[in-house]
Amino acid sequence: MVSKALLRLVSAVNRRRMKLLLGIALFAYVACECAPVAGGGASFIPRRPSAETAGPGVGRRALCGPGAALQPGLPPRRDLRFLFPPFSGGFGHLSPFPLLRQSTQPTWTQPLDRLGPGAETGRPGGGSLAPGRGDRGTPPGGGSAVLGGPRVPRPQFTAPSLPSPTRGTAVQVAPRAGEGDVPAGDSGPFRAGTPWRHPRSCRGAVLVKSIQENGELKIERKIEEIVEPLREKIRDLEKSFTQKYPPVKFLSEKDRKRILITGGAGFVGSHLTDKLMMDGHEVTVVDNFFTGRKRNVEHWIGHENFELINHDVVEPLYVEVDQIYHLASPASPPNYMYNPIKTLKTNTIGTLNMLGLAKRVGARLLLASTSEVYGDPEVHPQSEDYWGHVNPIGPRACYDEGKRVAETMCYAYMKQEGVEVRVARIFNTFGPRMHMNDGRVVSNFILQALQGEPLTVYGSGSQTRAFQYVR
Ligand SMILES: O=c1ccn([C@@H]2O[C@H](COP(=O)(O)OP(=O)(O)O[C@H]3OC[C@@H](O)[C@H](O)[C@H]3O)[C@@H](O)[C@H]2O)c(=O)[nH]1
């Protein structure tokens, strides 16, 4: 009848239930290992022991000492270990729990002064102390107290340097000379090279500890995964802080100017930035990065004389400066024709804002104008007193007329407000940092030549230009 029921039970148990059963069995085993020893006077419930509550070999750890293990007269524990083969010898190597198999070798350290006198002496029954002894002579949790028992002096010994309990090295606690298999005359409670086995009662604790250590390792690894990229970023930042700048002249306070360069991250503006920085001035670059690039001025980022502001000159700007170089505007035909209204705003409102700033702070302003103010010139080469030939509604008008208005405003501010202004009509520029897809003739020709393609000449090819190398 019973065997039938068992058979039914076994067939009904699926894999999941088997796992559950094994889990329960394991839990029961561990609980048993850590359970109180009935009548032993010792509480193994993991709680902070005190001198009053402490029994022989207080706490689970105390059972690891030989003294505790050899206590006589203890009634047998609740024991479920018949479920598993013994760990040392026997079928230990077949144990389904590798962690438990490992426990035949001690993997953690028993602090010496917590083993209790029993552990130190190795005497069956362990040492017993009068109540309150643990308060002074024995650290909390150490020693055991048996009311009315004979007072045993705390043995004196020199503790060897203890390895970390988590590192898996055990302190070997050997019986005293003349006890067990230790020959008389072999003094000292610790004899290197004397192996001893953990009593069975420690295996549960070792298992719990191993699981804990496993968890800690996983957490440490996870933290490491998160922290490593952050370390990488810190290293990059440190590198950028220690970067070398191009040589900069030292200028006295009197000679050093505070200079604002609008469009300072562009092709021409970035070369001007380099020149003024190397001359020892304080340079503030303002750019909205429409055609300019941070890469053009990144070698100055972090320098005490340099500041980079992402700002559109169409909006007002309030800074204290001595000079303004106003270069902000797209310059190549494809770029300025991409958004003609914006081009007009930049050259009119933007220039108005900069002139207002110059007036307010008393700065001198230079406007970067263009050869395009001459439009489709009828005179070659163009002299400064030539007024140009511009179509106000042509495809290039946003740029041509924009720059013409900008020049007009500069001279109006000079005449009416006394602002010091300069106007430079820059012709066809080329040089390093020019954008590959700038769209002007030089970059187009170079690109086509590099690709082995024929060079494209627009129109009749009879047009002339004055070129200017910028670096
Ligand atoms: O691939 C090309 C490009 C341009 N060209 C021609 O080469 C000449 C130069 O044209 P670009 O486009 O390089 O420049 P542009 O002279 O028209 O204006 C330029 O020069 C003066 C600057 O102040 C202006 O900001 C800029 O637009 C034009 O006649 C043009 O038609 C070609 O023949 N082939």
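Structure notes:
- Per-region count, the range 438-471, residues out of contact with any Ser or Thr (no Cβ under 6 Å at 6 or more places or on another chain) and either in contact (Cβ under 8 Å) with a residue 12 or more places away in the chain or not in a loop (DSSP other than H, G, I, E, B) (or both): 17
- Restricting attention to the range 456-471 and to residues that are within 9 Å of the ligand (Cβ to nearest atom) and β-branched (Val, Ile, Thr), the residue that is surrounded by the fewest Cβ atoms within 10 Å (Cβ to Cβ) turns out to be THR464.
- All positions within the range 292-305 that are more than 14 Å from PRO432 (Cα to Cα) and buried (at least 21 other Cβ atoms within 10 Å of the Cβ): TRP300
- For the range 435-455, filtering for residues that are closer than 28 Å to SER270 by Cβ and either near the ligand (Cβ under 7 Å from one of its atoms) or open to solvent by 80 Å² or more (accessible area, probe 1.4 Å) (or both) leaves 12.
- Whichever residue in the range 415-434 is open to solvent by 40 Å² or more (accessible area, probe 1.4 Å) and closer than 17 Å to GLY350 by Cα and, among such residues, is nearest to the ligand (Cβ to nearest atom): VAL423
- Looking at GLU401, GLU372, GLU407, just one residue is within 14 Å of the ligand (Cβ to nearest atom), at pLDDT 95 or above, closer than 16 Å to ARG465 by Cα and part of a helix (DSSP H, G or I), and that residue is GLU372.
Here is a yes/no grid of residues against (1) open to solvent by less than 60 Å² (accessible area, probe 1.4 Å); (2) farther than 23 Å from TYR469 by Cβ; (3) part of a loop (DSSP other than H, G, I, E, B):
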| position | (1), (2), (3) |
| --- | --- |
| ILE234 | no, yes, no |
| LEU237 | no, yes, no |
| LYS244 | no, yes, yes |
| LYS249 | no, yes, yes |
| GLU253 | no, yes, yes |
| GLY269 | yes, no, no |
| LYS275 | no, no, no |
| GLY280 | yes, yes, yes |
| PHE290 | no, yes, yes |
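- Just one of the numbered conditions (1) away from the ligand (no atom under 16 Å from the Cβ); (2) in a helix (DSSP H, G or I) is not true of PRO392: (2).
- Residue match in the range 329-349 (condition: within 46 Å of the chain's Cα centre (by Cα), open to solvent by less than 50 Å² (accessible area, probe 1.4 Å) and among the aromatic types (Phe, Trp, Tyr)): yes
The values are calculated or read from the model by the stated rules, or taken from the named source; none is laboratory data. What you see is a predicted model, and the numbers here were worked out from it, not measured in a lab. No Cβ is skipped: glycine too gets one built from the backbone with ideal geometry, and neighbour counts run over all protein chains shown. What goes into the accessible areas is simple: the full protein's heavy atoms, side chains included, and nothing from ligands, DNA or RNA. Shrake-Rupley method; radii C 1.70, N 1.55, O 1.52, S 1.80 Å.
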